[in-house]
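The values are calculated or read from the model by the stated rules, or taken from the named source; none is laboratory data. Since this is a predicted model, take the numbers as computed values, not measurements. All Cβ positions, glycine included, derive from the backbone under ideal geometry; neighbour counts span all protein chains shown.
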Amino acid sequence: MAEQEVVRLTAWVRGHVQGVGFRWWTRARALELGLRGYASNLRDGRVEVVAEGDKTDCERLLVALNSGRTPGRVDAVVERWSPARGMAVGFVER
């Protein structure tokens, strides 16, 4: 069995994503996938999602963010991939 690649996904989600349950929804999806990290509101109205875990699971979270089935309305998702930094266990809303 091949070893899984552990990565960090940082995604900035733009649209009507604050005050609509988007961070809670993102947290639920991330926990279902076994990811660690957080979803945080930014002052400019975007939500920043930082997730660490298996690359395949992070890719699944990114697909979910772009699915059109999120609370609110997602207009765009900008992603950045980097090496994992070893975040604490769990996924939180900030």
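For region 38-58, a residue qualifies if it is crowded, with 20+ Cβ neighbours inside 10 Å, in contact (Cβ under 8 Å) with a residue 40 or more places away in the chain and farther than 11 Å from residue 92 by Cβ, and the qualifying residues are 49, 51, 52, 53, 58. Tell me, which strands (runs of 3 or more DSSP E) lie completely within the chain with 1 or more residues that are over 10 Å from the mean Cα position of the chain (by Cα) and hydroxyl-bearing (Ser, Thr, Tyr)? Where strands (runs of 3 or more DSSP E) fall fully within the chain and carry at least 1 residues being over 10 Å from the mean Cα position of the chain (by Cα) and hydroxyl-bearing (Ser, Thr, Tyr), they are 73-83.
Just checking, does region 21-29 include any residue being surrounded by 15 or more Cβ atoms within 10 Å (Cβ to Cβ) and more than 21 Å from residue 90 (Cα to Cα)? Within region 21-29 (the criterion being surrounded by 15 or more Cβ atoms within 10 Å (Cβ to Cβ) and more than 21 Å from residue 90 (Cα to Cα)), the answer is no, since none of the residues qualifies. Confirm whether residue 79 is of a type in the set (Asp, Glu) and closer than 17 Å to residue 15 by Cβ. So residue 79 fits the description; yes. Cβ separations smaller than 6 Å between residues 6+ apart or across chains give the following pairs from region 21-37 residues that are under 13 Å from residue 48 (Cα atoms) to residues that are of a type in the set (Phe, Trp, Tyr) and modelled with pLDDT of 95 or more: 27/91; 37/91.
For every residue, the table says whether it meets (1) touching a Lys or Arg at 6+ places or on another chain (Cβ under 6 Å); (2) of a type in the set (Asp, Glu).
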residue: 21; (1), (2): no, no
residue: 28; (1), (2): no, no
residue: 39; (1), (2): yes, no
residue: 58; (1), (2): no, no
residue: 62; (1), (2): no, no
residue: 66; (1), (2): no, no
residue: 70; (1), (2): no, no
residue: 79; (1), (2): no, yes
